[in-house]
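The values are calculated or read from the model by the stated rules, or taken from the named source; none is laboratory data. Every value quoted in this text rests on a predicted model; they were computed, and no experiment measured them. Here the Cβ positions follow ideal geometry from the backbone for every residue, glycine too, while neighbour counts run over all protein chains shown. Note: areas computed on protein heavy atoms with side chains; ligands, DNA, RNA excluded. Shrake-Rupley method; radii C 1.70, N 1.55, O 1.52, S 1.80 Å.
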Amino acid sequence: MSAEKFKVRQITWLVLFALAITTFQSLVMTYAPSSNAAAAGWQVIMMSSGKKETYTTWSTSARLSKFASPGTTSFPSATETSTGATSRTTIGSGEGVYAAFFRQTGITKVAFVDTSTTSLDPTAHTNYLIFDLVESSGSESFYAILKRLDNYMSTATSFSNNDTVWGSSSVINYTAGTNGYSGTLSASGGTGFKTTTAGSKVAATPSKFAVWGINRDSDNDQQTFVAYTGDLNVGKSDVWRGDDPYETFWSYWGGDMHSNTQSQRIGATYVQTTPGVPTNASWASDVYLLAYSTPNDVATTTNLPTLSSTPTKSTMTNLSVGVSAEGKVTFYANNKFIPGCRAIPTSSLSATCKWKPPVHGAVTIKAILTPTQSNYLQSTSPPLTTNVERRTIKR
């Protein structure tokens, strides 16, 4: 084989190898596990505007589908799309359930906040309540928990008006009686968030929260995502449901539980409590329900940088790189950051800057991504070794 043919074959193999590496990196970026963004930090679960709606009109309410249709047979099949939750992710996105209602897992805290700021930090709001949960929601979202418990009620032997079951504190199960709660108040601010003043009940700061609580007083009532005071054993009579449930600040859905749990559940045609604050409450404005999950570290990928043309000394060329998460990218040449190529914001998972090599010869280029989301890890690209050619000066 001639030296010339050997050189051509060698170049061909190098080109094919480079293409294979680029293709592999592209596949890694394409098929890398997507992160569950809603699992990090505080996220909005839902928002209600004002007081509870009369439950007799709920089945025809314009708000029904926005809240995932609790108290109807449509609840078990609700989705982000059917509820419009996909477009609701930040405070100010409107009334109804939010994307995190379906997505967020590992929840360990919940909070109720007003609209005094758009911050997701509950303590930044004028009025807020924070409850520490007795356990994590684990691998389930709040919607998944309600759906599972609803499905259980649809087939299990009825436990309505039964004061011997579900007597432990729980997030992932029903909770009733003296220990009937999913979380307890750990912090609060402002004076606006108080329980109802219905009947002989006086306004008070809610001390407990339940994902699905069952009140044993009288013939048993139930509420979901409820902030209340007192306990679920005695003190609420037969009025822990309806438009004005006793000792309640806010709740999502509820009703009696006196006859048959197979029909008196959130996924059946049954409702006596709609989303919002009680009609007799002093608070009449918007309320957001937030949930908190400890952010998990998420790995990112930064691909091999590419050049728009053969690099030439003192001649401008474009440097580009693909990434798996949005953020800012800094390009380096021989381990020194390139002027004009520092902290370049990504757009559609890529970043580009202009590079004018100051010298000729071999140069090793790399790119480092610093993601926007704090729980996303920084990543560095594979090194790209290239040769900067001498500039041809015509006289």
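So the values come out like this:
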{"read-out": "K147 being open to solvent by 60 Å² or more (accessible area, probe 1.4 Å) and in contact with a helix residue (DSSP H, G or I) (Cβ under 8 Å, 6 or more places away or on another chain)", "value": "yes"}
{"read-out": "Which listed residue, of L120, L129, is open to solvent by less than 20 Å² (accessible area, probe 1.4 Å), of a type outside the set (F, W, Y) and either in a loop (DSSP other than H, G, I, E, B) or in contact (Cβ under 8 Å) with a residue 24 or more places away in the chain (or both)", "value": "L129"}
{"read-out": "The stretch 32-53, residues that are at pLDDT 95 or above and part of a loop (DSSP other than H, G, I, E, B)", "value": "S49, K52, E53"}
{"read-out": "Boolean, K336 is open to solvent by 30 Å² or more (accessible area, probe 1.4 Å), in contact with a His (Cβ under 6 Å, 6 or more places away or on another chain) and not hydrophobic (A, V, I, L, M, F, W, C)", "value": "no"}
{"read-out": "Hits in the stretch 353-366 - residues which are open to solvent by 70 Å² or more (accessible area, probe 1.4 Å) and assigned to a strand (DSSP E or B)", "value": "K354, A362"}
{"read-out": "Boolean, G106 is within 26 Å of G189 (Cα to Cα) and at pLDDT below 95", "value": "yes"}
{"read-out": "Test result for T89, under 28 Å from S65 (Cβ atoms), surrounded by fewer than 18 Cβ atoms within 10 Å (Cβ to Cβ) and touching a residue at least 40 places away in the same chain (Cβ under 8 Å)", "value": "yes"}
{"read-out": "Selection count, the stretch 53-69, where residues are surrounded by fewer than 24 Cβ atoms within 10 Å (Cβ to Cβ), in contact (Cβ under 8 Å) with a residue 24 or more places away in the chain and not polar (S, T, N, Q)", "value": "5"}
{"read-out": "Positions within the stretch 92-111 being part of a loop (DSSP other than H, G, I, E, B), closer than 18 Å to P70 by Cα and within 10 Å of the chain's Cα centre (by Cα), in sequence order", "value": "Y98"}
{"read-out": "Pairs with Cβ under 6 Å, 6+ apart, first in the stretch 341-352 and of a type outside the set (S, T, Y), second not in a strand (DSSP E or B)", "value": "none"}
{"read-out": "Residue satisfying all of: in the stretch 132-144; part of a loop (DSSP other than H, G, I, E, B) and touching a helix residue (DSSP H, G or I) at 6+ places or on another chain (Cβ under 8 Å); most open to solvent (accessible area, probe 1.4 Å) among these", "value": "E140"}
{"read-out": "In the stretch 340-352, the residues that are at pLDDT 95 or above and open to solvent by 80 Å² or more (accessible area, probe 1.4 Å)", "value": "R342, P345"}
{"read-out": "Members of the stretch 243-262 found to be open to solvent by 10 Å² or more (accessible area, probe 1.4 Å) and touching a Pro at 6+ places or on another chain (Cβ under 6 Å), listed by number", "value": "D244"}
{"read-out": "Candidates L319, L369, L290 - the one that is open to solvent by less than 20 Å² (accessible area, probe 1.4 Å), at pLDDT 95 or above, touching a helix residue (DSSP H, G or I) at 6+ places or on another chain (Cβ under 7 Å) and outside any loop (DSSP other than H, G, I, E, B)", "value": "L290"}
{"read-out": "Answer residue from the stretch 268-287, given it is in a loop (DSSP other than H, G, I, E, B) and of a type in the set (A, V, I, L, M, F, W, C) and is farthest from E247 (Cα to Cα) among those", "value": "A268"}
{"read-out": "Residue check for T175: surrounded by fewer than 16 Cβ atoms within 10 Å (Cβ to Cβ), farther than 13 Å from T248 by Cα and in contact (Cβ under 8 Å) with a residue 40 or more places away in the chain", "value": "no"}
{"read-out": "Selected residue (only one of S207, S237, S218, S200 is within 33 Å of the chain's Cα centre (by Cα) and either open to solvent by 30 Å² or more (accessible area, probe 1.4 Å) or not β-branched (V, I, T) (or both))", "value": "S207"}
{"read-out": "Failed condition for S186, given (1) open to solvent by less than 10 Å² (accessible area, probe 1.4 Å); (2) in a strand (DSSP E or B); (3) not aliphatic (A, V, I, L, M)", "value": "(1)"}
{"read-out": "Output for the stretch 293-305, where each listed residue is open to solvent by 20 Å² or more (accessible area, probe 1.4 Å) and assigned to a strand (DSSP E or B)", "value": "V298"}
